[in-house]
Amino acid sequence: MVGHAIANGTYVCAVNRVGHEVIVGEGLEFWGRSFVSDPFGRILWEGSTDKEEVGVVTCDRKLMEDVRRNWPFFRDRRIDAYGNITKRVSD
């Protein structure tokens, strides 16, 4: 997820549940650790592993502009090569 922030020059917010949920059997344990990273991939906020939390992060749009200008991964993508991955196998 942090790599997506860097490659696209944007902030990324990744959300994960916490706690234990039993639907069948022993259930599932959710590990939490939601986070927000900036366009450099730096973690700006990270949630805990054991309780519900709400995080608020200010996202600086100027930083996104600067990163995209100096690290032009997003600008230099080859959209002409995307043709086959946008089609369904049955098409």
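What follows is calculated from the coordinates using simple rules that are stated; it is not laboratory data. Nothing here was measured: the structure is a model prediction, and the numbers come from that model. As a convention, Cβ positions derive from the backbone with ideal geometry for all residues, glycine included, and neighbour counts pool all protein chains shown.
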Sole exception among (1) more than 25 Å from Val15 (Cβ to Cβ); (2) touching a helix residue (DSSP H, G or I) at 6+ places or on another chain (Cβ under 8 Å) for Ala81, by number: (2)
Condition set hydrophobic (A, V, I, L, M, F, W, C) and surrounded by 15 or more Cβ atoms within 10 Å (Cβ to Cβ), scope segment 8-31, selection nearest to Leu63 (Cα to Cα): answer is Val12
